[in-house]
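Only the coordinates and a few stated rules stand behind these numbers; no lab work does. Note that the structure is a prediction, hence the values are computed from the model and not measured. For neighbour counting, all protein chains shown are included, and Cβ atoms are generated from backbone atoms with ideal geometry for every residue, glycine included.
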Amino acid sequence: MSNPDSSDKFSASEEILAAQKDMVDTFGFFDDWTDRYQYIIDLGRQAEAFPEALKTDDNRLHGCQSQVWIVTERRGEKLHYAATSDSTIVAGLIAILLTVYSDRRPADILATPPAFIKDLQLAEHLSPTRSNGLHAMVQRVRQFALEAMVEDNQDYAGSPAW
């Protein structure tokens, strides 16, 4: 029997799992990868504006073919991510990740692996450099979550592999 005072800090987040499922379902509406690419590009074009002042080397994600900047902000118990890229398709991939992971608790981010990326078959349909960049973005999101937990003096033994 679980402790009623325990919040199951390290179990997969139903909220994140639902966001992942919604993204997979949305991609399922498209008949082919041409339409899916167009959807990703459209997401990139619709992305929120990213302040020019935050496009610094400290916020730049190295390891991506395109330039990517990502920042996080604490909002209560949750982390809010903002990011952008000089590439529209990468900005669309960022929008997908932010839909799933932004405004979530750090423990939930770490406890919920990004299985939806495999379900979307992104690795099979992106160039190797874009796929590596996507992996780097996911790792940065998770790194921010880990750093937030460390700041909060919370222990975390490890994160699920993907």
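Lysine pairs in the chain with alpha-carbon atoms under 23 Å apart, 8 or more places apart or on different chains: how many are there?
Total qualifying Lys-Lys pairs in the chain comes to 5.
So who's got an amide H within less than 5 Å of the one on Asp103, skipping anything under 5 residues away but keeping other chains? H placed 1.01 Å off N, in plane.
Leu79, His80, Tyr81
Given H placed 1.01 Å from N in the peptide plane, which residues other than close sequence neighbours of Ser87 have an amide H under 5 Å from its amide H?
Long-range HN contacts for Ser87: Gln67.
Using modelled backbone amide H atoms (1.01 Å from N, in-plane), which distant-in-sequence or interchain residues come within less than 5 Å of Leu61's amide H?
Long-range HN contacts for Leu61: Val68, Trp69, Ile70.
I want to verify a result. In a Gaussian network model of the chain, Cα cutoff 10 Å, which of these has the top mean-square fluctuation: Arg75, Arg60, Arg45?
The residue that fluctuates most here is Arg75.
Can you tell me how segment 15-103 classifies by the Cα gyration tensor, rounded, prolate or oblate, using a/c under 1.5 as the rounded cut?
Since a/c reaches 1.5 but b/c is at least a/b, the shape of segment 15-103 is classed as oblate.
Mind listing the phi-derived Karplus ³J(HN,Hα) values for segment 108-115, rounded to whole Hz, using 6.51, -1.76 and 1.60 with θ = phi - 60°, and x for any glycine or proline?
Listing the rounded values in order: 5, 4, 5, 7, 10, x, x, 4 Hz.
So, by mean Cβ neighbours within 10 angstrom, what's the order for 46-53, 64-71 with the highest one leading?
Values: 46-53: 11.0, 64-71: 18.8.
Most protected by this proxy first, the peptides run 64-71, 46-53.
Using the number of other C-beta atoms within 10 angstrom as an exposure proxy, rank Ser13, Ser131 with the fewest first.
Taking fewest neighbouring Cβ atoms as first place, the list is Ser131, Ser13.
Pairs of alpha-carbon atoms within less than 8 angstrom and 6+ residues apart define the contacts here; what relative contact order does segment 14-151 have, in percent?
Numbers: 167 pairs, mean separation 39.0, N = 138.
With pairs under 8 Å counted, the relative contact order is 28 percent.
Using θ = phi - 60° and the Karplus relation 6.51 cos²θ - 1.76 cosθ + 1.60, list the HN-Hα couplings for segment 88-94 in order, rounded to whole Hz, with x at every Gly or Pro.
Couplings: 5, 5, 5, 4, x, 5, 4 Hz.
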